[in-house]
C-alpha cells in the first residue's frame with residue numbers, strides 16, 4: 001500500500017507495537033527547557049536511572065529568561081531557580097546545555113533548526129506544545145508531557161498511539177504582504193482550533209512549496225493551534241539549502257548520503273490520507289485575530305463578526321471589541337515581534353521593511369526580541385539594528401519574552417498588544433492583557449501608525 005510521508009517516518013521508528021495498546025516509538029532528539037523538565041529529572045533520580053542516550057538530548061532555558069541584562073543574576077526568584085535547576089540537571093546527567101549568554105542559546109524551537117540539530121526524517125519531542133515547529137524540516141515532531149519526557153530520557157523511546165494523517169493543500173501563490181503567519185491564521189479561521197484534532201498534518205501545494213524555511217517553521221509552529229498533534233512539510237531543495245553547513249548537520253560525504261535519503265521522504269502519489277483539506281492562496285489577505293483563541297481570525301479589511309455563541313460573546317467582551325466594527329484603526333498599546341513563531345531573521349527583515357524611513361508611533365511600547373543569539377548576530381550583520389534604532393525601536397536579548405507571562409515582559413491589564421506569537425488566550429501575555437495575533441508586517445504597521453493598519457498600504 002502506498003505510504004504517506006508520515007507513515008514512512010513513523011513506521012521506520014517503531015520498536016514494537018503493544019497488542020491493543022500504543023506503539024513504542026524510538027526518538028531521535030529530545031529537547032528540554034527549564035519549565036517541563038525538573039519533575040522528569042527528579043523521577044530519574046528517584047529510580048536511580050541515567051539518561052539512556054545523553055548525546056541525543058539538548059537543554060536550554062528560554063521561557064523564564066529575561067530579555068535584558070542576561071549577564072546578571074535573574075531578579076525573579078522563581079525564574080532564577082528554574083533556570084539554575086536546568087543547568088544543574090544537565091550537568092548531573094551529562095547533557096549538552098546551552099545556557100544564558102551562550103552563543104547557541106535562544107528559544108529552543110528556533111535554535112534546533114538553525115544549528116542543524118533538527119533534520120529530515122527524525123522523530124523529535126520536547127515538553128512543549130510548539131515542538132511541531134521542527135516539522136518544517138521534514139521531521140515528525142510533537143510536544144509531550146513531563147512523564148513522557150522522563151520516559152524518553154530513560155529509554156530514548158516513548159509510548160504513543162499512532163495519530164491519523166491529514167493533508168492541507170494550498171494552491172496558487174500568496175499575494176503581496178501575505179505571509180506564512182497569515183496562511184496559518186487563515187487555515188485556523190476556516191477549520192477552527194479543533195479541525196485537525198487527532199491528526200498529523202502534512203502541508204502541501206504550490207503556496208507551501210514557495211515558502212522559505214522561516215515561513216515553513218512559522219506554519220508548522222501553529223499546527224498545534226489547529227488541534228493537530230503536529231505538522232510537517234516534505235523536505236526539498238529549500239530544506240537542503242537551509243541545512244547545509246549547519247554545525248550539527250552531516251558534513252562531506254555524510255551530507256551527500258543524507259540528502260539522497262531525504263529526497264525519498266515524500267508521500268507517494270497514490271497515498272491515502274484520513275482527511276484532506278484544500279485552499280486557494282488567492283483568497284488570503286493579511287490576517288488578525290479579534291477573539292481569545294487563534295481560530296478567531298479575519299482578513300484585516302473585514303469587520304468583526306457577530307458572536308455565534310456565548311463563548312464568542314465572552315471573547316469579544318474580554319477584548320473590548322464590538323461586532324461590526326472594523327479591525328483597521330483599532331488603537332494599539334504594545335507591539336511584540338518575536339517568539340518561536342516569528343523570531344527569526346526573515347521576521348526582522350519584514351518588520352524593518354515597514355519601519356525603514358518611518359518612526360515608532362508615540363504611545364506604543366514595542367518589544368523586538370530575536371529568537372536566538374544567532375538571529376541577533378544576523379540582525380547586526382545586515383544592519384537591521386541601525387534601521388530599527390533610527391525608527392525608534394530597541395532590540396532586546398533572546399528569549400520567549402512576551403509570548404507568555406513567565407518572565408518580565410508582561411502586557412499590562414487592559415492594554416492591547418499586536419503580537420507575532422502563537423496564542424491569544426485570556427491572560428496569555430499577562431493578567432487582563434488583550435492580544436491580537438498577526439504577522440511581522442502587520443505588527444510593524446501597527447507600531448509605526450499606533451493603530452491596526454493594513455501593511456499593504458505601507459509597502
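Across the range 277-336 the C-alpha pair distances fall into 5 Å bins from zero in the proportions 4, 16, 27, 24, 15, 10, 3, 0 percent.
As a check on your grasp of the helix formula, calculate [θ] at 222 nm for the chain: sum -39500 (n - 2.57) over DSSP H runs of n ≥ 4, divide by the residue count, round to the nearest 500. About -9000 deg cm²/dmol. Computing Rg and the Kirkwood Rh from the Cα coordinates of the range 208-340 gives a ratio, Rg/Rh, of 1.08.
Going by average Cβ density within 10 Å per residue, which order do the peptides 285-292, 207-214, 398-405 take, highest to lowest?
Going by the mean number of other Cβ atoms within 10 Å, highest first, we get 398-405, 285-292, 207-214.
Of interest is the spacing of the C-alpha centroids, which for the range 38-73 and the range 264-289 amounts to 36 Å.
Would you order 216, 423, 303, 45 from fewest to most other beta-carbon atoms within 10 Å of each residue's own beta-carbon?
On the way: 216 27, 423 22, 303 15, 45 12.
By the 10 Å Cβ count, ascending, the order reads 45, 303, 423, 216.
Fewest to most neighbouring Cβ within 10 Å: what's the order for 233, 345? The partial results should precede the final answer.
Values: 233 27, 345 21.
Ranked by crowding around the Cβ, least crowded first: 345, 233.
Can you compute the FRET efficiency between residue 52 and residue 426 using 1/(1 + (r/R0)^6), with r the Cβ-Cβ distance and R0 = 60 Å? Round to the nearest 0.05. E between residue 52 and residue 426, to the nearest 0.05, is 0.90. For residue 154 and residue 81, the FRET efficiency from 1/(1 + (r/R0)^6), where r spans their Cβ atoms and R0 equals 25 Å, is about 0.55. Stretching the chain fully between residue 17 and residue 192 yields a gain of 59.7 nm (0.36 nm per residue, less the alpha carbon separation). Taking every C-alpha pair closer than 8 Å and separated by at least 6 residues, the mean separation divided by the residue count of the chain gives a relative contact order of 17 percent. Separation of the range 207-258 and the range 85-109, taken as the distance between their Cα centroids, equals 24 angstrom. Here 150, 362 are placed in order of increasing Cβ neighbour count within 10 Å, fewest first, which gives 362, 150.
For the chain, the calculated P(r) over all alpha carbon pairs, in 10 Å bins from 0 to the bin holding the longest distance, is 4, 21, 32, 27, 13, 2, 0 percent.
Under the criterion of Cα pairs below 8 Å and six or more residues apart, the relative contact order for the range 401-459 equals 28 percent. Packing order of peptides 234-242, 327-335, highest average first: 327-335, 234-242 (average count of other Cβ atoms within 10 Å over each peptide's residues).
Quick one, can you get me the convex hull of the C-alpha atoms of the range 287-457 expressed as volume per residue in Å³?
Looking at the range 287-457, the number lands at 94 Å³ per residue.
Shown for the range 5-160 is the translational diffusion coefficient from the Stokes-Einstein equation, using the Kirkwood radius over Cα pairs, a temperature of 37 °C and a viscosity of 0.692 mPa s: 206 µm²/s.
Every read-out reported here was derived from the displayed coordinates using simple, explicitly stated rules and does not represent laboratory data. Just so it is clear, the model here is predicted, and its values are computed rather than measured. Cβ coordinates were reconstructed from backbone atoms using ideal geometry, including for glycine residues, and neighbour counts include every protein chain displayed.
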